[in-house]
Amino acid sequence: MYSSDSHSGEVVRYDFDPLTGTVENRQHFIDMKATGGVADGATVDAEGCYWVTIPVTSRVCRYDLAGKLMQTIVLPTDLPTCCELGGKDLDVLYVTNAVLHRPAEHFRGQRNPGGLFAVTGLCVKGSPLPAFKG
C-alpha cells in the first residue's frame with residue numbers, strides 16, 4: 001500500500017494484508033521534491049511497479065519496486081490527476097487531468113485540458129481489481 005504526503009513530498013510504502021486489513025512496515029519509497037511536483041493519483045501494474053501522476057509537470061512516471069524512476073510520459077496538458085491501467089487486456093494507461101477553474105488563457109498550447117488520455121504501446125499490463133463487496 002502506498003501513501004503520499006504533498007507537504008513533505010514523500011511517498012511511503014507499507015505492507016498490507018487484505019485479509020486482515022493489517023498495515024505495517026512503513027518504508028520511504030520516493031522523494032517527489034526532485035520531480036518539481038507532488039504525487040497525486042497512482043496505480044500499480046502487474047509487475048508491481050508504481051505509476052504516479054505529477055500535477056503541474058505534465059508527467060506520469062513509473063517507478064520500480066526500489067523507487068527508481070523507470071519511465072516518464074509527458075502529456076500535452078499540465079495537470080494530470082489520476083491514472084489506471086485498463087482496457088480489454090489491461091494494457092492501456094488511462095490518465096485524467098484537471099483544469100481547476102483556471103482561466104482559458106492558461107491552457108493556450110495545451111491539448112485536451114480537463115479530458116481523458118489513453119496511452120497505448122507501453123508493454124505493461126495492469127492487474128484485475130477485486131470487485132467491491134459492499
| request: Could you tell me whether Gly9 is in contact with a helix residue (DSSP H, G or I) (Cβ under 7 Å, 6 or more places away or on another chain) and over 27 Å from Leu90 (Cα atoms)? | output: yes
| query | Checking Phe117 against (1) of a type outside the set (D, E, K, R); (2) free of Cβ contacts under 8 Å to residues at least 24 places away in the same chain; (3) touching a strand residue (DSSP E or B) at 6+ places or on another chain (Cβ under 9 Å); (4) surrounded by 15 or more Cβ atoms within 10 Å (Cβ to Cβ), which single condition isn't satisfied? | reply | (2)
| Say we look at region 19-59 and pick out the residues that are part of a loop (DSSP other than H, G, I, E, B) and touching a residue at least 40 places away in the same chain (Cβ under 8 Å); which of these is nearest to Pro128 (Cα to Cα)? | Ala46
| request: Considering only residues that are assigned to a loop (DSSP other than H, G, I, E, B) and of a type in the set (Gly, Ala, Ser), look in region 60-98 and name the one that is surrounded by the fewest Cβ atoms within 10 Å (Cβ to Cβ). | output: Ala66
| task | Please find, among Thr43, Thr35, the residue that is at pLDDT below 95 and in contact with a Cys (Cβ under 8 Å, 6 or more places away or on another chain). | result | Thr35
| said: I'd like the full set of residues that are in contact with a Lys or Arg (Cβ under 6 Å, 6 or more places away or on another chain) and surrounded by 12 or more Cβ atoms within 10 Å (Cβ to Cβ), limited to region 16-35. | reply: Phe29
| request: Within region 99-117, identify whether any single residue is farther than 18 Å from Asp40 by Cα, out of contact with any Cys (no Cβ under 8 Å at 6 or more places or on another chain) and among the β-branched types (Val, Ile, Thr), and answer yes or no. | output: no
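Yes/no per residue for (1) within 30 Å of Pro103 (Cβ to Cβ); (2) not basic (Lys, Arg):
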| position | (1), (2) |
| --- | --- |
| Leu19 | no, yes |
| Gly36 | yes, yes |
| Ala46 | no, yes |
| Pro55 | yes, yes |
| Arg59 | yes, no |
| Lys68 | no, no |
| Thr81 | yes, yes |
| message | Let me spell it out: the conditions are (1) in contact with a helix residue (DSSP H, G or I) (Cβ under 9 Å, 6 or more places away or on another chain); (2) exposed (fewer than 14 other Cβ atoms within 10 Å of the Cβ), and Thr57 meets all of them except one. Which number is the exception? | response | (2)
| query | Would it be correct to say that Arg13 is surrounded by 16 or more Cβ atoms within 10 Å (Cβ to Cβ), within 24 Å of Leu129 (Cα to Cα), within 15 Å of the chain's Cα centre (by Cα) and charged (D, E, K, R)? | reply | yes
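The values are calculated or read from the model by the stated rules, or taken from the named source; none is laboratory data. Keep in mind that what you see is a predicted model, and the values were worked out from it rather than measured. Glycine gets a Cβ as well: all are built from the backbone with ideal geometry, and neighbour counts include every protein chain shown.
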